[in-house]
1. For the condition at pLDDT 95 or above and either open to solvent by 50 Å² or more (accessible area, probe 1.4 Å) or within 18 Å of ALA31 (Cα to Cα) (or both), what is the one hit in ARG72, ARG117?
2. Where residues in the stretch 17-32 are assigned to a loop (DSSP other than H, G, I, E, B) and within 12 Å of LEU130 (Cβ to Cβ), which of them is least open to solvent (accessible area, probe 1.4 Å)?
3. Filter the stretch 34-59 down to residues that are farther than 25 Å from GLN7 by Cα and touching a helix residue (DSSP H, G or I) at 6+ places or on another chain (Cβ under 9 Å) and give me whichever is most open to solvent (accessible area, probe 1.4 Å).
4. Can you report the number of residues in the stretch 100-114 which are surrounded by 14 or more Cβ atoms within 10 Å (Cβ to Cβ) and over 23 Å from ASN24 (Cα atoms)?
5. For the stretch 6-15, enumerate the residues that are of a type outside the set (Ser, Thr, Tyr) and either in a loop (DSSP other than H, G, I, E, B) or surrounded by 12 or more Cβ atoms within 10 Å (Cβ to Cβ) (or both).
Amino acid sequence: ELTSIIQSKLPLADSNAGRRIFFNNRFAQCAKCHQVDGRGGNVGPDLSNISDMTLGRLLESIIEPSKEIAPRHTPILIETYDGKSFSGVLYAERGEEVTYADSNGKLIKVRFDDIERSKPQTKSIMPEGLLERMNLNEVADLAKYLLKR
């Protein structure tokens with residue numbers, strides 16, 4: 001199984017390489033949405049203090065991001081009266097306006113009165129196929145970096 005293969009690579013993994021992978025916008029793109037030690041986006045969960053998370057759960061989140069989604073990070077499909085639609089997580093509500101964040105960390109503001117329909121989604125906005133951008137050693141490096149937090 002993929003998880004056990006990555007776990008077997010962890011003893012030789014390089015957390016410094018994992019940090020570079022996390023913050024590289026052309027690579028894994030984690031920092032577009034996730035934050036570590038105050039650096040990065042704040043669309044997804046802050047990963048600064050996940051050292052108590054098991055390695056298996058962390059790898060599952062990377063490999064299958066839609067398997068378990070925290071309620072606060074559930075994507076919502078928004079359809080507006082003018083025919084536009086997009087998916088994002090609720091970012092902020094201020095006055096007559098609501099702000100959503102999409103999978104690229106882009107903020108989208110919409111007036112409450114312009115929303116025709118909103119529907120929670122079962123698929124995470126965290127991109128599927130992250131492993132296609134990384135080899136298994138790099139995934140182990142990333143996991144070691146995050147678990148050292």
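1. Testing whether each residue is at pLDDT 95 or above and either open to solvent by 50 Å² or more (accessible area, probe 1.4 Å) or within 18 Å of ALA31 (Cα to Cα) (or both) leaves just ARG117.
2. ALA28
3. ARG39
4. 4
5. ILE6, GLN7, LYS9, LEU10, ALA13, ASP14
The values are calculated or read from the model by the stated rules, or taken from the named source; none is laboratory data. All values reported here derive from a predicted model rather than from experimental measurement. Cβ: placed from backbone, ideal geometry, glycine included. Neighbour counts: every protein chain shown. The protein model used for the area step is the full one, side chains on, heavy atoms only, and it has no ligands, DNA or RNA in it. Shrake-Rupley method; radii C 1.70, N 1.55, O 1.52, S 1.80 Å.
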